[in-house]
Each structure stands twice: as structure tokens, then as C-alpha cells.
1. Can you name the residue in the range A:477-497 that is more than 14 Å from every other protein chain (Cβ to nearest Cβ) and among the β-branched types (Val, Ile, Thr) and is also nearest to the chain's Cα centre (by Cα) among such residues?
2. Pairs needed: first member in the range A:383-402, more than 13 Å from chain B (Cβ to nearest Cβ); second member anywhere, part of a helix (DSSP H, G or I); C-beta distance under 7 Å; at least 6 residues apart or different chains.
3. Being surrounded by fewer than 19 Cβ atoms within 10 Å (Cβ to Cβ) and assigned to a loop (DSSP other than H, G, I, E, B), is that true of even one residue in the range A:545-565?
4. Given the conditions (1) out of contact with any helix residue (DSSP H, G or I) (no Cβ under 6 Å at 6 or more places or on another chain); (2) crowded, with 22+ Cβ neighbours inside 10 Å; (3) not small (Gly, Ala, Ser), report the number of the one that B:Pro466 does not fulfil.
5. A:Leu20: closer than 23 Å to A:Gly255 by Cα and not polar (S, T, N, Q), yes or no?
6. May I ask you to say which residue of A:Gly7, A:Gly44 is modelled with pLDDT under 95 and surrounded by fewer than 22 Cβ atoms within 10 Å (Cβ to Cβ)?
7. For A:Met295, all conditions in the list (1) within 14 Å of another protein chain (Cβ to nearest Cβ); (2) surrounded by 23 or more Cβ atoms within 10 Å (Cβ to Cβ); (3) among the aliphatic types (A, V, I, L, M); (4) more than 23 Å from B:Phe437 (Cβ to Cβ) hold save one; what is the number of the exception?
8. Which pairs do you get when a residue that is over 21 Å from A:Glu10 (Cβ atoms), found in the range A:153-165, comes within reach of a residue that is of a type in the set (D, E, K, R) and in a loop (DSSP other than H, G, I, E, B), reach meaning Cβ atoms under 6 angstrom, with the pair 6+ apart or on two chains?
Number of protein chains: 2
Amino acid sequence: MGSTAPGWKEKADAKRQAVLDLIPAAWRLPAPPPSPKEQPDVTGAYVQQFLSPREIELTEADAPTIVAHTSSGDWTATEVVTAFCHRAAIAHQLTSCLHEIFFGQAIAEAKRLDEAFAATGKPTGPLHGLPVSFKDQFHVRGVETTMGYVGWIGTFEGRKGTGKEKVYESELVREIRALGGVPFCKTSLPHTVMSAETWNNIVGYTRNPHNRLMSSGGSSGGEGSLVSLKGSPIGFGTDIGGSVRIPAAFCGIYGIRPSFGRLPYAGAANSMPGQNSIPSVCGPMSGSAAGLKMMLQAVLAQQPWLHDPAVVEMPWRESLAAMLPASAEEMGEVLTFGMCPSDEATAPTPPVRRAFETVKALIEKLGHQTIEWTPPSHSRATELAFQAYIADGGIDIHHHIGLSGEPLQWRVADYYGTEATPPKTADQVFDFNFELFQYRRDYLDYWNSTAALTKSGRPVDAVLAPVAPIAAIELDKSWHIGYTPWVNTLDYAAAVFPVTKVDPAIDVVDESYVPLNDLDKAIHDEYNPVTQANTPVGLQLVGRRFQEEKILALVEMLSTALAKE
Amino acid sequence: MGSTAPGWKEKADAKRQAVLDLIPAAWRLPAPPPSPKEQPDVTGAYVQQFLSPREIELTEADAPTIVAHTSSGDWTATEVVTAFCHRAAIAHQLTSCLHEIFFGQAIAEAKRLDEAFAATGKPTGPLHGLPVSFKDQFHVRGVETTMGYVGWIGTFEGRKGTGKEKVYESELVREIRALGGVPFCKTSLPHTVMSAETWNNIVGYTRNPHNRLMSSGGSSGGEGSLVSLKGSPIGFGTDIGGSVRIPAAFCGIYGIRPSFGRLPYAGAANSMPGQNSIPSVCGPMSGSAAGLKMMLQAVLAQQPWLHDPAVVEMPWRESLAAMLPASAEEMGEVLTFGMCPSDEATAPTPPVRRAFETVKALIEKLGHQTIEWTPPSHSRATELAFQAYIADGGIDIHHHIGLSGEPLQWRVADYYGTEATPPKTADQVFDFNFELFQYRRDYLDYWNSTAALTKSGRPVDAVLAPVAPIAAIELDKSWHIGYTPWVNTLDYAAAVFPVTKVDPAIDVVDESYVPLNDLDKAIHDEYNPVTQANTPVGLQLVGRRFQEEKILALVEMLSTALAKE
């Protein structure tokens, strides 16, 4: 499988073109877009030039605002969905963020919602008329799912004649429809889904709309890029090692990695389905924390545990969110945040450090407490996560790459090799699971132990950490995944929020920096504030398992306070 | 490993004798007990002959009654604990149900509780002074855990010099102490824990106190036997395929198999730790449904999710239990019960059939609805469960048997062979997990579909099923595990309750019975109402995942109604 087979490129090219051809002529860019170097930032005024003032108004509202307007009859679902289809089409032409387009289906659905509203005077559900995008792991009727694999074109997850092709829908998609939401496009991802960069042989490289010299992150980079350009008010990514959080941070939006079993993943495609040591989870990505909260509340109201056996019966618990948001004085309570500014292998580059210090100072200004976070080794957690990802020796991903003979992206090949290696045996998998359990238990003990250090007398409420040592990946430059997998290893709830952007005037190179090791040296040597200018910097707030309500409330509190700074 | 090594028998004999030697002279039987044939039933008047009237009063109260008395200061913890120690000692001499005895430690703890009560006027916790027994997978300070393995004698889970020997405690044991409960003995189990009969080379065969010609069931047969003889008011077993439910049913007591993640298993010994496809769970066994409820409420109040990373943050939800108990008329609501009288491989013998029909008629008499249960194949569920149990090719159990060279019990060897076979590979484990997920999803869909058949318009509330085609295993006779593993495959909540006892006058052999197959023929041919006379017959009530509150409420409702019949 190291050499590539003939034919894969033609199939990939045809698929890419077929998707582009679905963009109505009126929505095509009048001329090829400028190169990333000429025009790094395509957000704001740049993308707005292709839209009408009304389209700008509709697409720049956040998800709860949209639903408020569609539910009151103020805005029609049709005009909202059509505007987002248009903006998504522009976004795709600027950043290659889409995999499947089904604007016609979506607009038809919006019309049905409007008719129902006209007939009943009531919205169809709590997401009435809200356009929702999905990473191309979710199956939507009428279109394919390739998950970035050329070999999946014209199949159902690589198999032909299953009867599911273009008719099967994932459980989450079904629930979004039941809630009145309108699926309208599917977004790009790296083939294998096991990369923090979004690239595949079909749509190519998905760039960061704030700085197209940079990556959108991954593996949910299509969502990151699309939502960041406001081509979608909210969409779903998946996260097995940072795949929601990294693109959310790189693209300057909000995203949540819930604990496994909170949201339904049933019926979505995946790499290594059944790998349940450190499983992938799905989570929404949106322009506001309020959007994430609205989505979690809506999906949980569908009782997904009645339809996905992996989902735990745990409704939205407003009581966990109700304590917030406010300063310590307003709350009459001091919260405590663990401060985790780096991993053990690397230190953050200047913009990430500044973002972290900004939020730390803000927390303290609000009257809350910060304490140093000195948990069981995060390098160990990362090592455990990487063991889980490679447990099958890469058999699954090499099989799917082999279906077409397409080349494996080089960063993925660095990890998975060019062919499969012997898998672990069942007894080794079980031993591994037991080690994982022990690590989780040690971490719980550590978290509990912080009660001795807090003013509240309770263990810390959340942990603040970067998602990477850099603001975003610069194409082909050094990269290190070490800030996000510990959350997956622990199955904790974590949400990302935007903090700042790289500012070459402030985030200058620290000439006195002494690197920790070769990797850290490469990352710091390659940091260039001029190239990276305007790239968003996000941070993650991490809570215990199933603490989604609390984490979103805290993120909303911090974001609101940040906006006032 | 097929041949046995020298020395194991001496070690086993010495260990057995050492435990017997811990029984105070005053509590030894005045003469060797009669043979099982001479005196099959040792419950009731038989065991009472060795106890004082006060001891009988104390030990025949159920767990909530005991706690009510100790919490009001009416009874002292010391007198309660001492009485149960005495009765447990008698029980062990009659049925070989104990593995570890630590009466001295327990009585000392009871004294501390009494002193605290005297000082404060308040109970230490919601289980103040309640004796609690544990299957010999749970570690308790001061004593060993052998899990029935000769090779574990003098070690910590088969390893020496770990520093944990006789000092380490399982999380559940810690919590029971924190609640004011008093661990006082550990109960027998089959080595490997993978058997529905309780037998090992150390304590021998644990017999059914209602009919010592029969098995107590397994793998939590020590608990079943002890609790049934009222040598413990409540204890903990574990269940991976029926190991709480089978002994509870055979011994005529109550037991619950909660969903995985409801109660803390952390720090307990197990076979194949880390096998998380169909994991073992722990659950209480007691003389009343109210005892089970009290125990679940108490443990959940300890927030075990803060100490065991596998436990889900789900407090006791009284709202799920509050609908009950009452008839349909009293409730103003008709419940629906799925009727699942057998598996696909065998039909129940006469006493089990009668028990089932009795409860079915009772449900209908209460005004509730029964419908036929026609779910996805339970044989398929059983096959999936058995695949999980053997995923490692038996490497784990053969390793531990091999530590001493002791012989593997024949029924276990029938399944696991005399040596390990090649384990599954990781990719096969993941494929298996995915199949399991699909089965669970199909079952959810089926369960949801029953809403179309119920008077309530809701899916069925619970499913009634036997735990075996026979009332209990007759030593060395045919046996079939097919009625319980589907619950584990689905990870559903299931509770067992006693219904009746084998009555030779009623449960006569059905001469016209046409067997389904050879196994079914053997089971029915060997059914002998005279030999099996007085053996309890229990049934299980099965609810969806994490529906422990509801299932216990329904079991209490049915048991209360049964008692009035």
C-alpha cells in the first residue's frame, strides 16, 4: 500500500468537481480567489463583499438569535437557510471546507418548516429553521459520506450494495431534523480522521479563514473553517484527541468535547469503530457559547439514550449551570481554576502564552482563585491515548486507504506507517484498559486533593489550558499534539473559547527563550509573528466527566468578561 | 496446565482450616452437621437451634429494620454485628459459604460505632451498625483475597511484595465503612468467577441452604447462601452473566444487577480486568427489596463517581421510583410488562413455569398489562456474551490457575479448556464491540416499538423472565446458561425476587413434554420434584439501562402483592 494505484486521482478530482458543480452559478466567485499570501484573511469585510446586507445580517447572528427570530416568525427559515447556503458556498471557494452540498434539499426543508409555521403559528421545534452543518462522518440522506477516503466514493463506508447508500441517516442527523434544524452541508476532514490538519485527496487542504497561510486545524477543520467564516451558525465535529477543540481554537470559535455517552454518535462513520478504550465523541462547534448550550439542551431533550445505546440517561441539568455567570462578589462564592499552561514536552509560543495570562488575570480580577495544576503526568496520558489510536496496528485505516490506493497524508503516515503492523492481542487491550482505569483513578484522586488548596473548600471547578503550543499549524511546519489528548484519556468535558489573535506588535519572538528539547526548539524557531498575524488563539476549559453544563456556563462567564475588557 | 502440581492441596487445606479456626469455639457446631441428604433444608428452625431468641430476633430483621433500630439507639451495633457473626459462622459450617472471617475486626468497629453514638446521640451514617458481607473479590484490610485461587493465598491478586497485601481496600468497602456499615466476612465463589456454581479448591462446594442437594448458584453463591440463611442482612456480589441473579434466585433472596457505571467496582479483584466489552458489575443481595434500595441510595449518596472513574454521575432518582407501588387503579396508570418465559434453547421446568405464570397472573390481577416479548434473539445475545468472556483465549484464568497448579473445576474447563488458546486481536475485539453496539441498538429499537402495543402508549416498563430453566443446579447434573447473559450483553438493570419453592405435589413431571433439543431433553429428564423439593424459585425483572430505581420499585410492588396472595 506504500505505492499508489492508478485511478484514484481521477475519482477524487471528479468528486471534488461534482461538489463544486452543485454551487449555483450566481454563488460562484466572479474570479478565482487571491492566493493565501495575497489575501490571508478572508473573514469580515472580505467575505461580506459577496453577500447582500440582508444576507450579512442573517448569517452574522448567532444560533440562539437566529432561532429566536425564526421561532417568532420574524425571519423565515427559507431566507435564513438560503443565506447560509450562499455564504457556505463562498466559504468553500475560499478555504475548501465542504465535502457535500445539499442546498436544494435544505431549502426545500426550510420551505416545509415555513409552511408548517404559517399553518400552526408555532415553530416545529427548539431549532426551528436553524441551518446545521456536519463533519463528513455523519450520514445524511441524499448524499454520500466519504470521510475523506477516495475509496468510499460511490459506496456506504467503503462497501457497495448495502442498501444504505444515500438513504441512511445517522441518529444525530435524525434528531436535528426532529428539532426543526436543517442539515445543509457536510464539512471536510482528514482521511482517517486521525490528524489535527484537515487534508484529503478529494477536497485538498482546508485553510484557516483568518489567515489562510495557516491550517484550520483538524480533524474537524471543515467545521472550524466554515463556522469561523459564518457559513454555518453551528455544526458538529468529533473529537478523539482534540479534533473539535483544535480547529475551534485555530479558527477562533467555540466548541465542546463532551464526555463519551452524552451525545449520540450512533450511525456515524468512524475510524476503528468499536475501539472503546478512548472513543471518539461528537460535539457542536459554534460562534458563541450560547449556541453550544442551546444545542446540547435541544439534543438532550430528544432523549438520545432511547436511540443510541452508548448514551447515558442524563438530561440537561440546569442546576449545574445556574450558579453562573458572575464575579465572585456577585456570586457570593469563589470559584477555583487550575492553571495548566503547557504540557511536559513543549512550552507555548508567545501568543498562546499571552492568551493564557490574559485569562488567568481575568479570572483573578473577577475575584476567583487560580492554583497551579500539578496532576499525574499529561505526557503519560498522551502516551496512553496514542496507544489506543494504534491498538489495531493501523489495520482499519490502511484497509480504507487501500480501497483506492490513494496516498496516505504524510503526517498520518508518520504515525501509522505505510502499512499495517501487528495489532495488540485482546489480553493486551484489556491490560491497557486497566492501566487507563488506574490513570483515571489517580487523576480523580489528584483532583479531589485540590480541595485542601481552595478558598471554597471544594476541589477545583475547572482547569484552564491551551490546546496547542502554537496558535495554529503553519503548513508543513513542526507540530505537536500534547495539549489535548489528556482530556480524551480522562473522558472529561472540555470547551474551547476564543481569547485573542496573534499580534506581531505584541507577540514578538522571545530571543532569550531556552528550548526544552529539539521538538520545542523547532516549534519556537519556526514561530513567526508576521506570518501568523491575525491567527486566532483559543484556550480550553476542562471539567470533570459529564460536567458539560458547568463548563459551558464558565466559558460563557469568561467570554462575557473578556468581551468587556 | 492439564496436570496438577504438588503442594496446591496442602495450601488449600491449610487455608480452609485457618478460616475454620477463626470461628470461636463457642460458635462451633456441637457435632458434625448431618449430610445434605439427611437434612437438605438448614434454614428456619434448623439453623435457629444454634441461636438464642435474641440472636434470632436481630438476624431475622431485614436491613432497613436493623438500621432503623441501630439509628435510634434501640439496638447496639455490637449486639447486631455479634449476632450476625455467630449466625454466619453457623451458616459456613452448614454450607461452606465463607472465604474470610474477620469477626474480631467487625465487632471492634461496632464498638467504635456504639461509642460514637453514645457521645453524639447520632448514627455515624445511613448504614449505622449494619453488617455487610462481600464476595471474595473485594479487598478488605486485615484479610486476604483469593478469589478462589489457591495461587493467590499469601499474595495480592497473585503477586507478592506489592505492599498491598492485607492493607488495601476496595472503593466500595471504603464507602460502606464511611456509611457506618460494618464489613464482617467475605463469601465464597468459584475460582475464575466464571461459573454459575460456587466451588473452588479452597472451601469446596457451597450448597443451597434450602436444599443442600442443590447448588447455591454462582458465581456469587457464597453471598446467596449466607444471606439466605440470614447470616448476613446484605452483601455484595458481582454479575457478568448472571452471577448475582442466579444465586439470588436459587437461594430465594433479592439481588440486583445494576448497569455498568452505577456502583463502584474500583479496586476489586476480577477476572480479565479491563475487559470492557461486557464488563462485570457489582450489586447487592439481600433478604428484601427494601434492603437493596436502601443500599443503592446509601452508596450513591457517597458520590462514587468522585472516586471510581467508571461510575457515572447519577444520584438516586426517587422520581423514577415514586410512581409506585400500587395497582393500576391506585396508580391511575396501567404499566406494561413484557413476558419472556424462556430462551430459545430450552423451556422452563415445571416449578419455573409455575412461578412465571403466578407472577404473570398477579400483574394482570393488579390491572396492569402483559404483552408477549419478541425481541432480537437472546441466543445471539448469549453468544455475544460468551465471545466476550473468552476474548483473551483464557490467558488470564489459566495464568492464575497455573500459579498453584490446582485443577480447574470441570464445568469451567468445559468452557475455557485446559490451557489458553490464541486471543482475539485488537481489530477483532473492536469489530466485536461494534457488533455488540448494533445488537444493543436493535434491541432499543424493539423496546421502543412496543409503545404501539401498550395501553399507556409508552414502551414496556419492564420485562419478566426466569433466570434459568431450572429452580437450581443439582450437583453434577445438566445445566444451561441462557436466561441471564442477555441482560449483561445489553447492560440493562435487572433485579431478582423470590416467587415460590419447588413443591413435589404441584410441580410434577410433565410426561407429555416434547423437548426442543438434546440439552432441553437432558434438563427435563433430570428434573426431579422430589430431590428438588423446597428449592426456591426466583424470577428477574429487567429494565432499561440505568433504570435501577424503577426496577426496584416494581419488584417491591410485585413482592408486596405476592405476599398478600
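1. Taking the range A:477-497 as the starting set, the residues that turn out to be more than 14 Å from every other protein chain (Cβ to nearest Cβ) are A:477-485, A:494-497.
From what is left, the residues that are among the β-branched types (Val, Ile, Thr) are A:481, A:484, A:496.
Working: A:Ile481: 15, A:Thr484: 12, A:Val496: 9 Å.
Checked the range A:477-497; the qualifying residue nearest to the chain's Cα centre (by Cα) is A:Val496.
2. Taking only residues 6 or more apart or on different chains, the pairs are A:Ala385/A:Pro485; A:Ala385/A:Asn488; A:Ala385/A:Thr489.
3. Yes: one or more hits.
4. (1)
5. Values: closer than 23 Å to A:Gly255 by Cα: no; not polar (S, T, N, Q): yes.
Against the criterion (closer than 23 Å to A:Gly255 by Cα and not polar (S, T, N, Q)), A:Leu20 does not qualify.
6. Values: A:Gly44 fails: modelled with pLDDT under 95.
Being modelled with pLDDT under 95 and surrounded by fewer than 22 Cβ atoms within 10 Å (Cβ to Cβ) holds for just one of A:Gly7, A:Gly44, which is A:Gly7.
7. (1)
8. Pairs found: A:Phe156/A:Lys164; A:Phe156/A:Glu165.
The values are calculated or read from the model by the stated rules, or taken from the named source; none is laboratory data. As the structure is a prediction and not an experimental result, all values here were calculated from the model. Because the Cβ atoms are built from the backbone with ideal geometry, glycine has one as well, and the counts that use them run over all protein chains shown.
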